[in-house]
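Below: one structure, written as structure tokens.
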Amino acid sequence: MDQGTLVVAIKRCTTVRDLETIQAYMIRTNFTQDSFLLSKLIESYAITLPIRQIAHAYKLFSWTHQPNLFMWNTIIRGYSINDSSSLKAIALYKDMHLSGISSNSFTFGFVLKACCNLPRLEEGKMLHSQVLKMGLDYETHVVNGLIKLYTTCGRVDEAHDLFDEMPERDLVSWSTMVSGYVQNGCSNEALVLFKQMQAQNVKADEFTLASVVGACGDMGALDLGKWVHSYIDKEGIDIDIVLGTSLVDMYSKCGSLDNAIRVFEGMSKRDVMAWSTMIGGCAIHGFGEKALKVFHAMKSANVRPNSVTFTSVLCACSHSGLVEEGRQYFNSMSLEYGITPQIEHYGCMVDLFCRAGLVLRAHKFIQKMPIKPNAVLWRTLLGACKTHGYKELSESITREVLELEPHSAENYVLVSNVYASLGRWSSVSKVRSQMKHKKAKKQHGWSSIEMGFVVHQFVMGDELHPEIRQIYPMLDQMAKKLKQEGHVATTIDVLHDIDEEEKEHALGFHSERLAIAYGLLRLSKDSPIRIVKNLRVCADCHSVIKLISSVYKRDIIVRDRIRFHHFREGKCSCNDYW
Ligand code: ZN
Ligand code: ZN
């Protein structure tokens, strides 16, 4: 056999055995010095065999006297395929560098992938500077690898700078940047970029579309989400389980449960994730009975519920006040399905009792839990103590919470609110100084509203929005109207020990009110105002929005961190439990 025949033979191998036979033949016939054949053998072991044999490949590689660039690239690539072997890929790259072989753009592609898998920012940065040194920063696939690395490591700004400066972008560049934004919680940026992508006529693939659908859900961008859905239909893209489930999720998060149900019912196959997403969708809208109906349909379809399903089911019971049903489902988890309840399931139960006003039962439940309660559970109970007036219990829980999570700003806010409601201002200021001292970080609240495919995001006391000069007078007008209707602000949710007027002022500027004011200004009279907020809506804003819905005769739909609130004619769908 000559070299050419052997190459063909190697390519045809499907098992280690086949390859070993050829290797033995090469040894007998003195082909072992043929570096081209050797490199093909290494490639077969490391990459092309149906069941890859990286250890075999490495053995062969290390026996090779002076591996060439192709061999180095192949072995690095082989190790970069799995997360668990990626460290070895990076180490090999360093060896290669030391041995004086200079890398090419393929090498960077493979080793950057290894850095993403782990992920390793420091090594990635070193690679970046080598890429620049070698002038490879015009190679699209190398820059794509760098963008992926930076987004994976949470450095979206660096990634975006690279993306901006690219002389040529391919579909991978766009899709990596869009999904990178989504993964880093920058959903709005992802949507803006997706629109640019459309403007430049770049056809999106399924992967990008799934990311965009997710971003629309996060931002509550219903119009854009609908547009993406019709784009998917128009392009004839197959709606598989993953894309279908993300559409169901998007529609329910955007407040359009009807559409979510329509997509769900149109899916030809549904797995446990698809069912659980639908149940969860009904739950956040407060349709507990409907959620349980879907759950029973799931069981009839012989799909076995998992722990995620039960989180949705219990959440449904909790939002609809179905205490006994919730308790039964909770018990059935371990008895019927052998699923050990996790902390989130216990959390749902505590939530269920608390919403129903059964504060002492919730407290007992926490005390009897077989696993250690976390701060979230205690916070839920603390919130219920406040609502239902259990002042003494709340003080003892306060200590538990601070002990468990000394660095969370949320706790300090909650705790100082407890003290504030008791009128103990000296304790409030003590907690505040502790908070400053421990540098607890408070998550910043924002609210968004979609208008003509653009998502407008507001923060408290916003001054950056281009139309802010029209928005504040609108807020003043709203405040006047509300006062005429006899609204008095509930100020206990405000952290600071400041005088009443200032408190009221701060409340008036909560981000959701800016978004609602903007909606009243710009949306036509008959269209509902849809708001998404990243935190829980405060008690005062909740009662204000109820009032706005009747004074301005508008439907207002707010999705906060916990659930949906449909405000209409002065009432909210959550019945004031949220
Ligand atoms: Zn508020
Ligand atoms: Zn509500």
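The numbers here are math on the coordinates, done by the rules we state, and not lab data. Keep in mind the model is a prediction, meaning the values are calculated, not measured. Glycine also receives a Cβ, built like all others from the backbone with ideal geometry; neighbour counts cover every protein chain displayed.
Considering only C-alpha atoms, what is the centroid distance from the range 57-127 to the range 542-561, in Å?
Here the two parts' Cα centres lie 57 Å apart.
Give me the extension gain from Lys571 to Asp205: residue separation times 0.36 nm, minus the current Cα-Cα distance, reported in nm with one decimal.
Working: separation 366, 0.36 × 366 = 131.76 nm, distance 4.29 nm.
Stretched out fully, the Lys571 to Asp205 stretch lengthens by 127.5 nm.
Looking at Phe564, Val228, Gln66, which one has the Cα that reaches farthest to the positive end of the dipole of the chain (charges on Cβ: Lys, Arg +1; Asp, Glu -1)?
Final value for the positive-end residue is Phe564.
As a footprinting exposure proxy, order Val488, Val178 by other Cβ within 10 Å, with the fewest listed first. Don't skip to the end; give the middle numbers.
Working: Val488 10, Val178 26.
Fewest to most other Cβ atoms nearby, the residues stand as Val488, Val178.
Test of the criteria: in the range 166-227, which trypsin sites (Lys or Arg not before Pro) are in a DSSP loop and have at most 12 other Cβ atoms within 10 angstrom of their Cβ? Before the final figure, lay out the partial values.
Numbers: sites: Arg169, Lys195, Lys203, Lys226; in loops: Arg169, Lys203.
Counting only loop positions with at most 12 other Cβ atoms within 10 Å, the trypsin sites (Lys or Arg not before Pro) in the range 166-227 are Lys203.
Could you state the angle between the C-alpha long axis of helix 105-117 and the longest principal axis of the C-alpha atoms of the chain, as a value from 0 to 90 degrees rounded to the nearest 10?
Taking Cα atoms only, the helix is inclined about 40 degrees.
Name the long-range amide H neighbours of Ile529: under 5 Å, sequence gap of 5 or more, or other chain; modelled H, no Pro or chain starts.
Asp555, Ile556, Ile557
Could you work out the equivalent-ellipsoid semi-axes for the chain, taking the square root of 5 times each eigenvalue of the Cα gyration tensor, largest first, in whole Å?
Details: eigenvalues 564, 158, 132 Å².
Value: 53, 28, 26 Å, ordered largest first.
Using amide H atoms built in the peptide plane, which far-off residues or other-chain residues are under 5 Å from Trp446 H to H?
Correct list: Asn534, Leu535.
Set the Förster distance to 35 Å, then compute FRET efficiency between Arg522 and Lys269 from the Cβ-Cβ distance, nearest 0.05. The partial results should precede the final answer.
Numbers: r = 42 Å, r/R0 = 1.19.
For R0 = 35 Å, the calculated efficiency reads 0.25.
On a full-extension model of 0.36 nm per residue, what is the gain between Ser433 and Asn104, subtracting their alpha-carbon distance, rounded to one decimal in nm?
Numbers: separation 329, 0.36 × 329 = 118.44 nm, distance 5.56 nm.
Extra length available between Ser433 and Asn104 comes to 112.9 nm.
Starting from 0.36 nm per residue, how many nanometres of slack lie between Met369 and Tyr552 once their C-alpha separation is accounted for?
Details: separation 183, 0.36 × 183 = 65.88 nm, distance 4.73 nm.
Length gained, Met369 through Tyr552: 61.2 nm.
Which value, in debye to the nearest 20, gives the size of the charge dipole of the chain about its Cα centre, when Lys and Arg are +1 and Asp and Glu are -1 at the Cβ? The partial results should precede the final answer.
Numbers: 66 positive and 63 negative charges, 244 e Å.
Here the chain has a charge dipole of around 1180 debye.
Compute the acute angle (0 to 90°) between the alpha-carbon long axis of helix 409-421 and the principal axis of greatest extent of the alpha-carbon atoms of the chain; round to the nearest 10°.
With both axes taken from Cα atoms, the answer is about 10 degrees.
Within the range 343-429, report the GluC sites (Glu not before Pro) that DSSP leaves as loop and that have at most 16 other Cβ atoms within 10 Å.
On the way: sites: Glu344, Glu392, Glu395, Glu400, Glu403, Glu410; in loops: none.
Taking the range 343-429 and a limit of 16 other Cβ atoms within 10 Å, no loop GluC sites (Glu not before Pro) are found.
For the residues Ser173, Ser268, what sequence is obtained by ranking on other C-beta atoms within 10 Å, fewest first? Display every interim value, and only then the final one.
On the way: Ser173 21, Ser268 9.
Least to most surrounded, the residues fall as Ser268, Ser173.
Sort Asp161, Asp462 by Cβ crowding within 10 Å, fewest neighbours at the top.
Working: Asp161 12, Asp462 19.
Least to most surrounded, the residues fall as Asp161, Asp462.
Tell me which lysines have Cα within less than 22 Å of Lys364's Cα, excluding those fewer than 8 residues away on the same chain?
Counting by Cα, and skipping residues close in sequence, Lys364 has these lysines nearby: Lys372, Lys386, Lys391.
Please work out the FRET efficiency for the pair Leu335 and Asp238, using the Cβ-Cβ distance as r and a Förster radius of 41 Å; give the result to the nearest 0.05.
On the way: r = 40 Å, r/R0 = 0.97.
The calculated FRET efficiency here is 0.55.
Taking K and R as +1 and D and E as -1, what net charge do the other residues with C-beta under 10 Å from the C-beta of Ser256 add up to?
On the way: positive: Lys226, Lys253, Arg262, Arg530; negative: Asp258.
Around Ser256, the surrounding residues sum to +3.
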